[in-house]
Amino acid sequence: MKKKKEEKITPNEQQLLDGIAITQEHPLFGYLRINTEMVPKSRLGKNVPAKVSSLGRIYLNKDCDRTPKEWAYIIAHCMLHLCFGHFDAERMPGYWQQITEKQQKWVNKYDAELWNMACDIYVSRFLADIKFGSACIDTTQLANFSSASSEMKIYDQLVELNISPDRNFFGTAGEFPDMIGTESPLEYRYGKNEYISRFAYALASSVRSVINKAGASKGITGKRKSTMEKAAEWFVNHYPLLGGIATGFRIVETFNRNDLNDVEIAAVDVVNGEIYVNPAAGLTIEEWKFVLAHEYLHAGLQHHARRNGRDH
Ligand SMILES: [Zn+2]
């Protein structure tokens with residue numbers, strides 16, 4: 001029998017493998033354990049880096065030339081379609097149909113490609129907020145949709161503006177839709193979407209990791225560090241969804257930094273992903289909870305992006 005020719009890893013494959021490693025090491029995405037499969041370009045198309053199926057599989061084009069950070073972004077994008085329930089009937093556009101006098105049923109009615117576009121915009125906005133990987137899209141375009149709070153609202157906005165899905169530059173499959181299976185919405189008669197549950201848990205766990213890192217940073221004295229830690233831990237237990245925002249921010253103590261000495265208590269720089277805290281402020285744990293919530297919410301509510309020229 002002939003010995004099988006030893007398969008060499010191509011430079012493109014190596015970059016993809018490095019990108020997969022970045023997502024696996026991330027406190028949020030690494031936790032999700034979603035299957036990825038490296039496939040040749042003949043499976044997806046020459047200029048199609050990735051697609052995700054409603055069955056929970058992510059197909060990655062090993063012949064595409066992308067940097068590891070770009071791959072990390074692409075993989076996270078695909079994972080988020082599953083974690084945000086973008087294939088789920090109850091989350092997809094439709095209307096309530098009256099069945100009996102007391103009973104209503106949600107009936108889906110939508111343009112699958114436009115729904116894919118709305119979901120792409122939502123996912124891209126999330127990734128921009130948490131500053132993960134290298135975006136392969138023009139993120140300035142996202143500002144047009146910053147006032148829509150959900151995928152459904154973005155979808156309505158696209159319909160209202162009469163935007164063609166051909167104008168979707170936010171996905172991971174080039175000019176094609178990157179979600180496979182949008183035409184058959186998923187229904188969970190007896191169970192629930194496992195990805196959504198796993199994601200909520202991963203968010204909580206990622207906040208813990210951020211807190212540990214923040215606590216280990218030098219300069220914050222022991223007593224104050226533990227107060228900050230407790231305040232942030234309180235968020236893990238009460239508001240795990242803020243964790244997605246928290247992962248994108250580094251906590252920087254400004255105790256001895258002259259350039260930041262106008263930070264009396266705390267400030268947030270959404271663009272650079274930093275929250276500045278003044279450990280000399282001498283706050284109680286209840287007060288730190290308030291301050292952290294305040295700063296995270298500035299980011300979460302997109303106050304920077306929605307300023308529209310108003311005096312900051
Ligand atoms: Zn997408």
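The values are calculated or read from the model by the stated rules, or taken from the named source; none is laboratory data. Since the structure is predicted, the reported quantities are computational estimates derived from the model, not experimental observations. Every residue, glycine among them, receives a Cβ derived from its backbone with ideal geometry; neighbour counts consider all protein chains shown. For the accessible areas, the whole protein counts, side chains as well, though only heavy atoms, and no ligand, DNA or RNA atoms are used. Shrake-Rupley method; radii C 1.70, N 1.55, O 1.52, S 1.80 Å.
Count, please, the residues in the stretch 130-145 that happen to be assigned to a helix (DSSP H, G or I) and either touching a helix residue (DSSP H, G or I) at 6+ places or on another chain (Cβ under 6 Å) or crowded, with 20+ Cβ neighbours inside 10 Å (or both).
The number of residues fulfilling the criteria is 4.
Would you check if Ile121 is modelled with pLDDT of 85 or more, open to solvent by 60 Å² or more (accessible area, probe 1.4 Å) and within 11 Å of the ligand (Cβ to nearest atom)?
It is false that Ile121 is modelled with pLDDT of 85 or more, open to solvent by 60 Å² or more (accessible area, probe 1.4 Å) and within 11 Å of the ligand (Cβ to nearest atom).
Can you find, within the stretch 67-103, the residue that is farthest from Lys8 (Cα to Cα) among those that are more than 15 Å from the ligand (Cβ to nearest atom), assigned to a loop (DSSP other than H, G, I, E, B) and of a type outside the set (A, V, I, L, M)?
Glu101
Residues of the stretch 180-195 being over 12 Å from Asp88 (Cα atoms) and within 16 Å of the ligand (Cβ to nearest atom), which ones?
Once the filter is applied, which keeps residues that are over 12 Å from Asp88 (Cα atoms) and within 16 Å of the ligand (Cβ to nearest atom), the stretch 180-195 yields only Ile180.
Search the stretch 58-83 for residues that are open to solvent by 10 Å² or more (accessible area, probe 1.4 Å) and aromatic (Phe, Trp, Tyr) and pair each with any residue that is away from the ligand (no atom under 12 Å from the Cβ) and assigned to a helix (DSSP H, G or I) when their beta-carbon atoms are under 7 Å apart and the residues are at least 6 apart or on different chains.
So the pair list comes out as Tyr59/Arg43; Tyr59/Leu44.
Could you list, in sequence order, the residues of the stretch 84-104 that are open to solvent by 50 Å² or more (accessible area, probe 1.4 Å) and within 21 Å of Ser149 (Cβ to Cβ)?
Glu90, Arg91, Tyr95, Trp96
Are any residues in the stretch 48-65 within 15 Å of the ligand (Cβ to nearest atom) and assigned to a loop (DSSP other than H, G, I, E, B), and if so, which ones?
Val48, Pro49, Ser54, Gly56
Tell me whether the stretch 8-30 contains one or more residues that are more than 16 Å from the ligand (Cβ to nearest atom), over 20 Å from the mean Cα position of the chain (by Cα) and modelled with pLDDT under 95.
yes
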